[in-house]
Each structure stands twice: as structure tokens, then as C-alpha cells.
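Shown next, in C-alpha cells, is the structure this report addresses.
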Amino acid sequence: MTESLFSAVYAERRASVAKGLPLVVALSGSSDAGNAVSQLEQYLWERCKPEEIIRFDADELLDYRARRPLITFNEDHFTDYSPEELILSVARDDLGAPFLLLSGFEPDFRWESFVDTVLLLVHEFEVSVTTWVQAVPMPVPHTRPIVGTVSGTRDDLLERSVWKPTTRLPASVVHLLEYRLHGVGEEVVGFAHLVPHYLANNEYPELLSAALDNIMAATGLLFATDEARERAREFRVQVDRQIAENEESTEMLVNLERRFDKYVEAQGERVSLLGEDGMMPTADQLASELERFLAERNEGPEPNDGPGVQ
């Protein structure tokens with residue numbers, strides 16, 4: 001029954017996968033604040049040499065009209081058709097330790113069937129722990145370390161949660177997967193990072209190092225983060241410079257820092273990261289001028305000016 005969701009299975013490779021490996025889930029959905037998931041997926045595919053075990057059938061799971069694949073038109077003919085992919089692979093960390101990687105698009109259809117299939121694969125490979133990351137735009141300052149919400153079954157990692165809301169929100173398939181894994185007693189941990197909302201539409205490099213740190217904590221895998229941290233440092237310098245050029249933006253940042261620090265110091269008192277009325281601050285309150293400025297920079301770096309904010 002589950003095989004109906006597969007378009008390709010590498011049987012020999014599948015049979016040779018060691019039992020008890022961790023599973024890292026990196027699925028791109030309808031939103032990806034700061035390009036958190038896409039950065040992680042690119043990093044793992046470039047550095048960890050994944051070998052495909054199972055390919056899920058896009059025709060069963062993807063809404064092509066909502067997420068159209070790309071194709072190249074070369075003068076008088078089409079080339080390089082690039083359909084969306086959803087793949088289970090076996091990869092290796094920087095010390096050669098193997099792990100499973102589920103990456104690609106978040107299914108548009110048949111969520112229950114897809115999650116049931118993943119649960120069976122978790123059982124088949126006797127997965128030690130399943131972990132995933134996401135990012136959420138919030139009124140937090142970029143001058144503070146990335147924090148977030150940790151969910152799942154790992155008490156040692158749940159202590160890392162800084163934001164602990166009780167709320168109803170639109171679900172993603174990884175939320176459903178964690179819910180099902182938790183329900184059947186499997187080890188699972190998810191990390192939802194909080195991204196400065198005024199940078200959420202840019203690629204935010206600090207998210208990659210934060211995601212890797214959390215995955216390493218959850219799985220025991222080892223990944224090099226020096227390059228990601230250097231990119232984050234360069235990005236931070238540019239944002240700091242741009243904010244310093246605008247008085248409204250500077251005031252906005254000071255207010256965010258004050259609210260954030262107050263929240264961290266008094267979590268037990270349920271101080272909100274949001275406005276006094278519990279709502280997300282308006283664009284004016286969060287310096288729409290900065291967003292406009294970043295958007296203009298995003299159109300391309302000026303001549304002889306360093307790499308712009310992405």
C-alpha cells in the first residue's frame with residue numbers, strides 16, 4: 001500500500017542501510033522565513049553526499065499548478081526541465097557517520113498517507129530520533145542570539161525553548177509527522193526558530209548555523225559551521241550599517257532589544273514578545289523604512305559596494 005507513493009526504490013541500497021540511524025527532515029513548504037529550510041537542504045546536499053534510497057511520486061503528492069516546475073527555453077527549444085523532488089536518502093556527516101535525510105517539497109496532497117508511509121520507514125530503519133527545523137517571523141532583534149520553540153519528546157532539548165506559546169496555527173506536514181511519531185512513542189524533536197520579521201524575506205545566514213547546532217544536539221552528528229558563521233557575521237555587519245543610517249530603524253531596534261531582554265529575563269511572568277495588546281506590531285512600529293531599504297538593496301549591490309543583504 002505504501003509503495004504506491006514511491007516512483008523509484010533502490011532496493012539494494014535500501015536493504016544495506018544500517019538500523020538505528022537518526023532521520024533529519026528538511027521539507028520546503030508554503031513559507032520558509034529566512035530561507036531556513038532551503039539553506040539547510042542545500043548545505044546537506046552539497047556537503048553530505050546523499051545517496052537516494054526512495055523517491056516519492058510527485059504526481060501523487062504535488063500540486064503542479066501551485067508550485068510550477070522550472071524549465072529553460074534555449075532560443076528555439078526547451079531544456080533542463082527541473083521537477084520538484086521528494087527523496088529519502090542516506091548521507092554522512094563530516095566524520096563519516098551515516099544518517100537518513102528526507103528532503104524536498106512538502107506534499108500538497110495525501111498528507112495522512114504520506115505520514116503513514118514515513119512512520120513505516122521509521123519503523124523499518126529503526127530510526128533513533130527524527131528531527132526537523134523551521135523558522136517563524138517574529139518581532140525579535142537580529143542583535144540577539146537566535147531562539148525559538150523546541151517540541152517533541154527530548155526533555156534535555158525542550159529546556160532550550162525560549163518561546164512557549166499555547167496557540168492554534170496552520171499545520172505543516174512536519175507538525176503532523178511529529179504528532180504521529182509522538183503518539184506511537186518514537187523519539188522526535190522539532191526546532192522552530194524565531195527570525196527578525198524585518199529580515200524574514202531575506203536569506204538569513206545565522207539560521208543555518210543555529211539549525212546545524214540544534215540538529216547536532218538532537219542526533220550526535222557533526223557538521224562544520226565555520227563558513228556559515230562567517231557568512232552570518234558578514235550579513236550582521238551589513239544590517240547593522242544599514243540600520244545605523246536610519247533614525248527610525250535605530251529606534252525600532254532599541255525597542256525590540258528592550259522587549260526581548262525583558263521577555264528573556266521574566267519568562268515565568270509570561271511577558272509577551274508581541275505588543276502590549278498581544279498583536280504583532282504594525283509595519284510602522286517595526287520600521288517599514290528599514291524593510292523598504294532592505295528591499296531596495298535586494299535589487300542588487302551597488303558598484304564597488306560589498307555583497308548586499310540578500
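Please give the peptides 9-17, 100-108 ranked by average Cβ packing (other Cβ atoms within 10 Å per residue), highest first, as a rough proxy for protection.
100-108, 9-17
Taking all protein chains as present, what is the carbon and sulfur share of the accessible area of segment 65-189, in % to the nearest whole number, probe 1.4 Å?
53 percent
Checking the a/c ratio against 1.5 first, then a/b against b/c, what shape does the Cα gyration tensor give for segment 60-119?
In terms of gyration-tensor shape, oblate.
Any idea how far apart Asp63 and Glu265 come out in nm if each label point goes 7 Å out from Cα toward Cβ?
Label-label distance for Asp63 and Glu265, simple model: 4.6 nm.
For segment 1-61, with all protein chains present and a 1.4 Å probe, just round the carbon and sulfur fraction of the accessible area to a whole percent.
Summing carbon and sulfur atoms, their accessible area is 46 percent of the total for segment 1-61.
List the trypsin sites (Lys or Arg not before Pro) within segment 158-243 that DSSP assigns to loop and that have no more than 10 neighbouring Cβ atoms inside 10 Å.
Arg168
How far apart, in nanometres, would the label points at Glu85 and Ala244 be if each is projected 7 angstrom from Cα along the Cα-to-Cβ direction?
4.4 nm
Per residue of segment 180-190, what does 6.51 cos²θ - 1.76 cosθ + 1.60 with θ = phi - 60° give for ³J(HN,Hα)? Whole Hz please, x for Gly and Pro, Karplus curve as stated.
5, 4, 4, x, 9, x, 8, 6, 8, 8, x
Near Lys164, which lysines are there with a Cα under 16 Å away, not counting those fewer than 8 places off in the same chain?
Result set, ordered by chain and number: Lys262.
Between Leu95 and Thr143, what is 0.36 nm times their sequence separation minus the Cα-Cα distance? Round to one decimal in nm.
That pair, Leu95 and Thr143, stretches by 14.0 nm at full extension.
Let me know the charge dipole size of segment 156-259 about its Cα centre in debye, to the nearest 20, where only the beta-carbon of Lys, Arg (+1) and Asp, Glu (-1) is charged.
360 debye
The values are calculated or read from the model by the stated rules, or taken from the named source; none is laboratory data. Given the structure is predicted, the values throughout are model-derived calculations rather than measurements. Cβ atoms come from the backbone with ideal geometry, glycine included; neighbour counts cover every protein chain shown. For the accessible areas, the whole protein counts, side chains as well, though only heavy atoms, and no ligand, DNA or RNA atoms are used. Shrake-Rupley method; radii C 1.70, N 1.55, O 1.52, S 1.80 Å.
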